[in-house]
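The values are calculated or read from the model by the stated rules, or taken from the named source; none is laboratory data. As the structure is a prediction and not an experimental result, all values here were calculated from the model. Glycine also receives a Cβ, built like all others from the backbone with ideal geometry; neighbour counts cover every protein chain displayed.
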Amino acid sequence: MVQKTLLGLNLPTDPRWVDIASKSLEDILVDHAYCEQKAASSCISLIVQYPDKGKLVEMLTPVVAEEWSHFERVIQQLNSRGFQLGHQRKDEYVLALNQLIRKGGNREQQLVEKLLVNALIEARSCERFKLLSENISDQELSKFYYELMVSEAGHYTNFITLAREYMPNEYVESRWNEFLADEAEIIKTIDIRGDRIH
């Protein structure tokens, strides 16, 4: 029996990640800022691609605003510590997840693929924000990451709910379990990088 972690992830983050990350706060904050920017962009992309899906537009529009607000808040954390945003780095984790998206199928199946990838990213981010909130000595950042952990859990729920809106629950559950298994394999193969959220 696989021991599920936060939000049902099949494999917990290696404890070494948070040890390294807590010593690399500038790098983590820079990477985090870009994660929030990409999360907002991803929601905008879904809205633009599926403007006829009223429930999707309704649920994701406020998420765009919230993700962008998180981006602004991470920038504030960088600025308050005398750090600069710096350049975006390649996100091997997200690139690998996108390779899992099945080609073909109808429009709703393609939508569900994208929604479940977004749900996975939010779930893993939530798990890592929890680790940061519990393990970094900087009390301001600890509180900050706790707040964002709660928010990311809500976004994960939004994506799963929307997937069930557009495809039968049995289909979504089956595909979600496949994604979880594949995501665990990705986590095993990616080098532990304390300068990245994923």
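Some values worked out for this structure:
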read-out: Qualifying positions in the stretch 163-198 - in a helix (DSSP H, G or I) and under 14 Å from LYS114 (Cβ atoms); value: ALA163, GLU165, TYR166, VAL172, ARG175, TRP176, PHE179
read-out: Qualifying residue in the stretch 135-148 (condition: surrounded by fewer than 21 Cβ atoms within 10 Å (Cβ to Cβ), among the β-branched types (Val, Ile, Thr), assigned to a helix (DSSP H, G or I) and touching a helix residue (DSSP H, G or I) at 6+ places or on another chain (Cβ under 9 Å)); value: no
read-out: Lone qualifier among LEU111, LEU131, LEU60, LEU100 - being hydrophobic (A, V, I, L, M, F, W, C), more than 13 Å from the chain's Cα centre (by Cα) and more than 24 Å from VAL172 (Cβ to Cβ); value: LEU131
read-out: In the stretch 89-112, residue modelled with the lowest pLDDT [restricted to those that are part of a loop (DSSP other than H, G, I, E, B) and touching a Lys or Arg at 6+ places or on another chain (Cβ under 9 Å)]; value: ARG89
read-out: Residue in the stretch 155-162 that is more than 22 Å from ASP52 (Cβ to Cβ), in contact with a Leu (Cβ under 6 Å, 6 or more places away or on another chain) and assigned to a helix (DSSP H, G or I) present; value: yes
read-out: Complete set of residues in the stretch 50-61 that are in contact (Cβ under 8 Å) with a residue 60 or more places away in the chain and assigned to a helix (DSSP H, G or I); value: LYS55, LEU56, MET59, LEU60
